[in-house]
Amino acid sequence: MKLKHRYGIKWRLIAFLMTFTLLIIAALWIFQTVFLDNFYRSIKASELEKNAKQLENTVSKSDDYNDELIKMMHNNICVAIYDTSLNTLASEHSGGYCIIHSLTSDEYIKELLQKTLDNNGVFTTYFYSSEGTKKSFSAKFGIDSIVHDKYSSNNAVSFGLKLSDFNLYPDNSSNTDSMLNCRISTDAEGNDIFIVLSTMITPVDATVQTLRVQLIIITAVLLIISVITAFIISKNISDPIIRLTEESKKLPAGEFRFDISENHGGYKEIDQLGTTLQTANDEINKVDELRKELIANVSHDLRTPLTLISGYSEMMRDIPGEITPENLQNIIDETERLSGLVSDMLSISKIEAGMQALETQVFCFTDLVEEIRKRYQTMTEKNGFDIRFEYDIRVNVDADRSKLSQVIANLLNNAINYSTDDKRVLIRQTVTGDTIKLEVIDHGIGIPKDQLANIWDRYYRATENHKRDMVGTGLGLSIVKKLLGLHSARYGVESTLGKGSCFWFEIKKTYKSPEIDEKQ
């Protein structure tokens with residue numbers, strides 16, 4: 001299969017980190033150079049608006065607002081307050097150039113007042129130090145003056161005053177723009193007043209140039225740091241993944257015996273991936289061992305009946321008088337033994353492929369157990385086995401009869417296979433409430449405690465020291481586990497080494513049939 005992506009995780013991480021760094025640098029350049037003047041003017045406008053509101057609030061409450069005027073002066077803000085006749089009530093000069101104190105005629109104050117009236121009592125505008133500056137700023141915003149009007153929808157009213165109307169720069173040495181905030185208010189006595197505030201806007205060209213030099217240095221440093229960081233991070237993340245990938249490539253090649261370390265760079269997700277691969281490797285290794293054992297077991301178990309069938313057949317063919325019922329029965333028994341091996345293999349394959357669906361029906365569970373007991377008693381009686389069934393009441397279940405038959409038969413067959421000289425097998429049914437518990441108890445070799453958790457696995461056998469030759473494939477208990485799982489039944493085993501084992505499962509009884517809980 002062709003790989004969809006050409007580049008590995010290392011180079012992708014480096015590319016992502018470098019892209020992120022370049023975006024950060026680009027944002028710094030844009031905001032610190034291109035938009036710096038706009039941000040600066042916006043901040044100055046907000047500060048001027050804030051001071052104007054504060055002064056308006058103070059004047060409307062008290063006749064003594066000299067401290068507020070001094071505070072404005074310290075903030076480099078010039079203030080002028082006029083009455084309705086445009087007589088100066090108060091004035092404070094912050095020093096240096098001030099456009100308010102540079103006005104050459106009261107006509108311009110009247111025009112400022114008219115603009116403020118036209119804009120519902122609040123008017124903010126810029127004045128530029130030169131036509132070049134004005135044209136440059138106007139080109140950005142498309143208007144002659146910037147007007148802030150918080151009361152009307154008209155946010156851009158052209159002021160209409162010309163620079164020649166003002167004595168802006170008597171010494172022709174200043175390149176500073178100005179911002180005015182005008183507002184109509186009332187004093188503490190309720191008289192109308194006209195408040196004008198002005199502040200200087202210092203050109204940021206020198207600041208921008210300084211920032212450009214700094215940004216060049218910062219850009220170079222950030223690029224170097226980002227490259228080094230990108231390589232370190234990508235190496236720390238990608239190297240463990242690469243190692244895991246190389247180890248994982250051994251699995252398709254059939255190399256299951258390798259160890260994946262639990263520490264993969266200290267990353268939780270990669271550690272979990274390594275643990276998962278290690279678990280998969282261990283399970284595959286375990287299954288591979290069991291597969292090899294299965295092949296050996298099946299080869300042995302198939303060879304024995306085939307050898308016997310072949311031997312009896314040749315003897316009956318070559319020796320007169322050997323065609324006896326006993327020899328024919330031996331051939332039949334060995335044939336059934338082969339059939340059982342094949343059936344186990346097919347059953348486990350169908351269950352794992354999800355082809356075993358439940359076909360439930362209501363039937364007498366007790367009668368089913370007795371039926372299977374009688375069949376096995378007949379089959380094993382010649383070998384001296386005594387199989388007994390104890391129960392108090394007959395109960396019904398709503399389940400798959402054939403699958404439960406297979407479960408009981410496998411448990412009984414397991415008890416017979418692992419019996420010792422004491423060939424007693426006890427089947428015991430107990431009913432508690434709505435739960436039926438069936439126990440199959442043998443007096444065989446028992447199972448070591450450290451092996452109890454493994455006996456339900458495929459191909460697993462508790463020991464090789466069996467007392468009988470007919471042992472099977474090692475699939476019986478695995479089939480029991482999966483079939484009981486389909487019925488959502490609980491199951492388990494209790495065993496003492498050298499004394500025997502008790503396999504049990506629990507299933508719900510049903511009341512759907514009239515034949516329930518009848519005393520025998």
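Please turn the phi angles of the stretch 420-435 into ³J(HN,Hα) values with the Karplus equation 6.51 cos²θ - 1.76 cosθ + 1.60 (θ = phi - 60°), one per residue in order, whole Hz, x for glycine and proline.
Per residue, the Karplus-derived 3J(HN,Hα) values read 9, 5, 7, 9, 8, 10, 10, 10, 10, 10, 10, 10, 10, x, 9, 10 Hz.
Show the residues, 5+ positions off or on another chain, whose built amide H is closer than 5 Å to the amide H of residue 188.
Residues meeting the amide H criterion: 62.
Can you tell me how much longer the chain between residue 38 and residue 212 gets when fully stretched, taken as 0.36 nm per residue apart minus their C-alpha distance, in nm with one decimal?
Working it through step by step, the gained length comes to 61.0 nm.
Mind ranking 41, 317 by accessible surface for me, highest first, 1.4 Å probe?
Output order, biggest surface exposure first: 317, 41.
Through the Karplus equation 6.51 cos²θ - 1.76 cosθ + 1.60, θ set to phi - 60°, convert the phi angles of the stretch 392-400 into ³J(HN,Hα) values in whole Hz; use x for Gly and Pro.
Here the 3J(HN,Hα) series is 9, 9, 8, 10, 9, 9, 10, 8, 8 Hz.
Quick check: with the 1.4 Å probe, what order do 288, 64, 386 take by accessible area, largest first?
If we order 288, 64, 386 from most to least accessible, we get 64, 386, 288.
Summing +1 for each Lys or Arg and -1 for each Asp or Glu, what net charge is found among the other residues whose Cβ lies under 15 Å from the Cβ of residue 186?
-3
Run the 1.4 Å probe and let me know the accessible area of residue 223, rounded to the nearest 10 Å².
Residue 223 exposes around 50 Å² with every protein chain in place.
If R₀ is 45 angstrom, what is the calculated FRET efficiency for the pair residue 499 and residue 235, using the beta carbon separation as r and rounding to 0.05?
That pair, residue 499 with residue 235, gives E of 0.15.
The values are calculated or read from the model by the stated rules, or taken from the named source; none is laboratory data. Everything numeric in this text was worked out from a predicted model, so none of it was measured. Glycine also receives a Cβ, built like all others from the backbone with ideal geometry; neighbour counts cover every protein chain displayed. Keep in mind that these areas ignore ligands, DNA and RNA; they rest on the heavy atoms of the full protein, side chains included. Shrake-Rupley method; radii C 1.70, N 1.55, O 1.52, S 1.80 Å.
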